[in-house]
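This report refers to the structure that appears directly beneath it.
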Amino acid sequence: MKKFLIAIIAISCLASCDDGDIIVTSFDFEEQTLEQCTNFESQFVFFKINPDNNESIALSFSTTQDIFGAGDGENARRETPIPLSTGDNVIYRRFDSSVTSDYFCNAIPPATPIVVEEFISADGDITVITDGTYADSDGIPSDIEDPTGEVDTDGDGIPNILDFDDDGDNVPTAQEGVVITDGAINEELTRDTDGDGTFDYLDNDDDNDGVLTINEDPNMDLDPSNDNSDPDNESLDDYLNPAVTGTVNTELFREHVYFLNDIEIIINTQNLDFRNQNGEEVIRDIRSLLFGVLTGVPDAEFTTTPTF
């Protein structure tokens, strides 16, 4: 940011500026960390502080788009255009002493430090890019579960690497006894109840009793893992007990949950038009420039119910 602002000021002054007209000679925030206020319900506030110069640059805007959400469940990277309008702006400020994040994250800024210079752009285009990695968090890393990302064991339209329930039996994969050792599925320890060579998490009839696991759900709550009809074996769920062959007609999958992990919020600016306190045009730039990258964003949850 420092270099482009210096260049614009220099070009403008060749045509119209006298000595002493330029107050700010550079906005130097290239090495500063992008921060965000989290205590405003409808207003997004991102800012950088340069403690060496007692200065800051802040972006404030409102949008109905959930830029921190999981998106549509298919496209991990998405762009949200934010045209600056009334109440939205980019503000450069220099203070008489050091400033902290509290200054930006209170509805009413503290009386100190005092602003000694201010330049505001209430006109311009902001692009917020949300990026991350979708994962089902079922305990099996995606590169182990399926490096191709294309396998869909149960044919429900959700690939295994994103599928809460890989075999479509309404028992979550995370509950079906998968053991990972040294970066691979441990074939000796991973559960295969009926010994047919197919691990339970990929087997839609775990006990090989001829009744699909999804239909071994007497209470019909879409969860076979909480049903036990055998008084002689109360510790074994029906879907793992070949002695129990009762069946119901289940025609609905459970709600599936997966997550957008490792989220980054990337903010670019374009067509900013900074003016000082007197309303004079000071800096204008049409180029797309990186305002900053926000990391450490909490994972976002995506929910869907596959078509049966």
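The values are calculated or read from the model by the stated rules, or taken from the named source; none is laboratory data. Here the structure is a predicted model, which is why all the values come from computation and not from measurement. So basically every Cβ, Gly included, is an ideal-geometry build from the backbone, and we count neighbours across all protein chains shown.
Scanning region 224-235 for residues that are buried (at least 16 other Cβ atoms within 10 Å of the Cβ) and within 35 Å of the chain's Cα centre (by Cα) returns P224, S225.
Counting the residues of region 266-303 that are at pLDDT 90 or above and farther than 17 Å from L59 by Cα gives 8.
Of all residues in region 281-308, those satisfying the criterion of being of a type in the set (V, I, T), more than 29 Å from E30 (Cβ to Cβ) and surrounded by fewer than 13 Cβ atoms within 10 Å (Cβ to Cβ) are T303, T305, T307.
Out of all the residues in region 174-201, which are within 19 Å of R254 (Cβ to Cβ) and buried (at least 20 other Cβ atoms within 10 Å of the Cβ)? Residues satisfying the conditions are E176, V178, D200, Y201. Pairing residues of region 195-222 that are at positive phi with residues that are β-branched (V, I, T) and in a helix (DSSP H, G or I), at Cβ distances under 9 Å and at least 6 apart in sequence or on separate chains, gives L222/I214. Identification of strands (runs of 3 or more DSSP E) wholly contained in region 50-127 with 1 or more residues that are basic (K, R) yields 78-83, 89-95. Across region 137-173, the qualifying residues are those that are touching a Ser or Thr at 6+ places or on another chain (Cβ under 6 Å) and aliphatic (A, V, I, L, M), and the one among them that is surrounded by the most Cβ atoms within 10 Å (Cβ to Cβ) is V171. A single member of T100, T86, T64 is within 20 Å of T130 (Cβ to Cβ) and either of a type in the set (V, I, T) or exposed (fewer than 14 other Cβ atoms within 10 Å of the Cβ) (or both), and it is T64. The selection criterion, being under 34 Å from the mean Cα position of the chain (by Cα), at pLDDT below 95, surrounded by 16 or more Cβ atoms within 10 Å (Cβ to Cβ) and part of a strand (DSSP E or B), does not hold for I263.
Yes/no matrix, rows are residues, columns are (1) closer than 27 Å to N271 by Cβ; (2) in contact (Cβ under 8 Å) with a residue 60 or more places away in the chain:
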{"position": "D102", "(1), (2)": "no, no"}
{"position": "P110", "(1), (2)": "no, no"}
{"position": "V115", "(1), (2)": "yes, no"}
{"position": "G124", "(1), (2)": "yes, yes"}
{"position": "T127", "(1), (2)": "yes, yes"}
{"position": "D131", "(1), (2)": "yes, yes"}
{"position": "A135", "(1), (2)": "no, yes"}
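Residues are listed down the side, and each one gets a yes or a no for (1) of a type in the set (A, V, I, L, M); (2) more than 30 Å from T303 (Cα to Cα); (3) modelled with pLDDT of 90 or more; (4) in the same structural domain as S288 (by TED's automatic domain parsing):
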| site | (1), (2), (3), (4) |
| --- | --- |
| A7 | yes, yes, no, yes |
| C13 | no, yes, no, yes |
| T25 | no, yes, no, yes |
| E30 | no, yes, no, yes |
| K48 | no, yes, yes, yes |
| A76 | yes, no, yes, yes |
| E79 | no, no, yes, yes |
| G87 | no, yes, no, yes |
| F95 | no, yes, yes, yes |
